[in-house]
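Presented below is the structure to which this report refers.
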Amino acid sequence: MQFRRILLKISGEALMGDGAYGISPDMITFVALEIKKIQEQGAQVGLVIGAGNIFRGVAGAAGGMNRAAADNMGMLATVLNALAMQDGLEQIGVACRVMSAITMRNVCEPYVRLQAIEHLEKGRVVIFAAGTGNPYFTTDTGGVLRALEIEADVMMKATRVDGVYDRDPEKDSNAVRFDRLTYTKVLQNELRVMDAAGISLARDNNLPVLVFNMKQEGNIVRAAAGEDVGTLITA
Ligand code: UDP
């Protein structure tokens, strides 16, 4: 394993599978099995899951809601995904703890940095739920933040495509994929990797970000092993 401690970021939409909303049990199982593989290879895995499959604050605000109130809903929705993923992991024998940035002691642990590291060192997957705990942020930024806090070697961002392209590859077949990128180029060219807050935080603290396609079976193991999968963003 090139990366010993990994922060894996999965979008909420990835959990929908072929559906248009919600959580696909098949996807939960697929992701759980993929995570189990890298754990068996010796990696420590922290996980951040979005909530685009359930609710996004911007959508609520577009519908007339107060943005902060809508974002609170979005953060709570990430907890639903986290609990589903925890169940999926536990069902295949992978110990997992959910730690939420918004305290809800009856369903999961509150996020405490050193306790999270202790869980990781004991071989448990830790799912960091409720993003940063603040409105106006995204789970991508939350992922970078937690990656830095737990001193992860990399943040691996799973997407629907196999890396970062100069144009949207789902709309333009001439789009070219980058093997490597700098944070600055991502920001200057407004490449759609993640929001500017997240990529700036990664840049300011030199956290490598690997964008890859997790839907392809085995890719996560290849990515963790440092094989040429996806796009690596560094200084
Ligand atoms: N969110 C937030 N603060 C955070 C992280 C998330 O307010 O630190 C809210 C925000 O409304 C966001 C939603 O939670 O739209 C779901 O997160 P995100 O959009 O990042 O999910 P993804 O696109 O990865 O599925």
Within region 84-103, restricting to residues that are open to solvent by 50 Å² or more (accessible area, probe 1.4 Å) and on the phi < 0 side of the Ramachandran plot, the one that is nearest to the ligand (Cβ to nearest atom) is THR103
Residue hits (region 151-174; outside any loop (DSSP other than H, G, I, E, B) and closer than 19 Å to ILE6 by Cα) are VAL154, MET155, MET156, LYS157, ALA158, THR159
message: With the structure loaded, tell me whether ARG192 is out of contact with any helix residue (DSSP H, G or I) (no Cβ under 7 Å at 6 or more places or on another chain), of a type outside the set (S, T, N, Q) and closer than 22 Å to ALA84 by Cβ or whether it fails that test.
response: no
- Task: Taking ILE23 as the residue in question, decide whether it is touching a residue at least 12 places away in the same chain (Cβ under 8 Å), open to solvent by less than 40 Å² (accessible area, probe 1.4 Å) and either within 16 Å of the ligand (Cβ to nearest atom) or not in a loop (DSSP other than H, G, I, E, B) (or both).
- Result: no
Worksheet item: Is there a residue in region 86-96 that is of a type in the set (Asp, Glu) and more than 17 Å from ASP140 (Cβ to Cβ)?
Response: yes
Of LEU114, LEU120, the only residue that is more than 16 Å from the ligand (Cβ to nearest atom), farther than 13 Å from GLY46 by Cβ and modelled with pLDDT of 95 or more is LEU114
Next on the checklist: On the basis of being within 19 Å of SER200 (Cβ to Cβ), within 17 Å of the chain's Cα centre (by Cα), assigned to a helix (DSSP H, G or I) and of a type in the set (A, V, I, L, M, F, W, C), does LEU148 make the cut?
Outcome noted: yes
Original post:
Restricting attention to region 54-77, does a residue exist that is touching a Leu at 6+ places or on another chain (Cβ under 6 Å) and away from the ligand (no atom under 13 Å from the Cβ)?
Top reply: no
Flagged in region 134-163 as surrounded by fewer than 17 Cβ atoms within 10 Å (Cβ to Cβ) and modelled with pLDDT of 95 or more, in numbering order, are ASN134, TYR136, GLU149, GLU151
Selection over region 56-75 where residues are within 16 Å of the chain's Cα centre (by Cα) and either within 15 Å of VAL31 (Cβ to Cβ) or of a type outside the set (D, E, K, R) (or both) yields a count of 2
Exactly one of ILE38, ILE10 is within 16 Å of the ligand (Cβ to nearest atom) and crowded, with 20+ Cβ neighbours inside 10 Å, and that residue is ILE10
Picking from ASP172, ASP166, the residue that is over 30 Å from ILE127 (Cβ atoms), surrounded by 12 or more Cβ atoms within 10 Å (Cβ to Cβ) and among the acidic types (Asp, Glu) would be ASP166
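The values are calculated or read from the model by the stated rules, or taken from the named source; none is laboratory data. Fair warning: this is a prediction, and the values are worked out from it, not measured in the lab. Cβ: placed from backbone, ideal geometry, glycine included. Neighbour counts: every protein chain shown. Remember, those area values only see protein heavy atoms, side chains included, never the ligands or the DNA or RNA. Shrake-Rupley method; radii C 1.70, N 1.55, O 1.52, S 1.80 Å.
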